[in-house]
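Notes follow once the structure below has been shown.
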Amino acid sequence: MRDDTPPADLARTTAAISAAADRFVGVNSYEHLLVHLLDLLESGRVDRESALAEFDRLASDWPPGAAEALEFTMHRLRWPEVRRTLEDHRQHGTDFRTRDLAAQVLEAFDDEWPAGDIYRTYREVG
């Protein structure tokens, strides 16, 4: 039986993003999943606590697509809890590669985000 609760939808969406990022080169092949993730979060169907737990997992495990999921959603949402988690990881993470990913995602919190041009969504909006 499939669990259709919003937290399960959140977990399925982030898992689909991870699988697509692992399989395909370039976000254009799975940007629709990132849009779905953002829509799910903005809809209010997933409580913030569940979403923050999932984002904490992404920012600690760094599966494929985690940086894209975090930066794509946080450019719009700018949740301070996620920013603090990323700043902490950037400063104290044990792996320099994931510290670099955290720094990359933190750039998405700025109004000026040149790296956001990789996403059609943010190229079209401005």
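Conditions tested, residue by residue: (1) open to solvent by less than 60 Å² (accessible area, probe 1.4 Å); (2) touching a Pro at 6+ places or on another chain (Cβ under 9 Å); (3) part of a loop (DSSP other than H, G, I, E, B); (4) of a type in the set (Ser, Thr, Tyr).
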residue	(1), (2), (3), (4)
16	yes, no, no, no
25	no, no, yes, no
35	yes, no, no, no
60	no, no, no, yes
72	yes, no, no, no
104	no, no, no, no
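A count restricted to the stretch 75-88 and to residues that are out of contact with any Leu (no Cβ under 8 Å at 6 or more places or on another chain) and within 19 Å of residue 17 (Cβ to Cβ) stands at 2. Out of 45, 84, one residue alone is surrounded by 13 or more Cβ atoms within 10 Å (Cβ to Cβ) and either of a type in the set (D, E, K, R) or at pLDDT below 95 (or both). It is 45. For the residues 94, 98, the requirement of being out of contact with any Pro (no Cβ under 6 Å at 6 or more places or on another chain), polar (S, T, N, Q) and modelled with pLDDT under 95 singles out 94. Evaluating residue 59 against the criteria (1) touching a Ser or Thr at 6+ places or on another chain (Cβ under 7 Å); (2) more than 20 Å from residue 110 (Cα to Cα) leaves one unmet condition, (2). Of everything in the stretch 74-91, what is part of a helix (DSSP H, G or I) and in contact (Cβ under 8 Å) with a residue 24 or more places away in the chain? Give them in sequence order. 74, 75, 76, 77, 81, 82, 83, 85, 86, 89, listed by residue number.
The values are calculated or read from the model by the stated rules, or taken from the named source; none is laboratory data. Values in this document were obtained by computation on a predicted structure and should not be read as measured data. Positions of Cβ are backbone-derived with ideal geometry, glycine not excepted, and every protein chain shown enters the neighbour counts. In case anyone asks, the SASA skips ligands and DNA or RNA and just uses the protein heavy atoms, side chains included. Shrake-Rupley method; radii C 1.70, N 1.55, O 1.52, S 1.80 Å.
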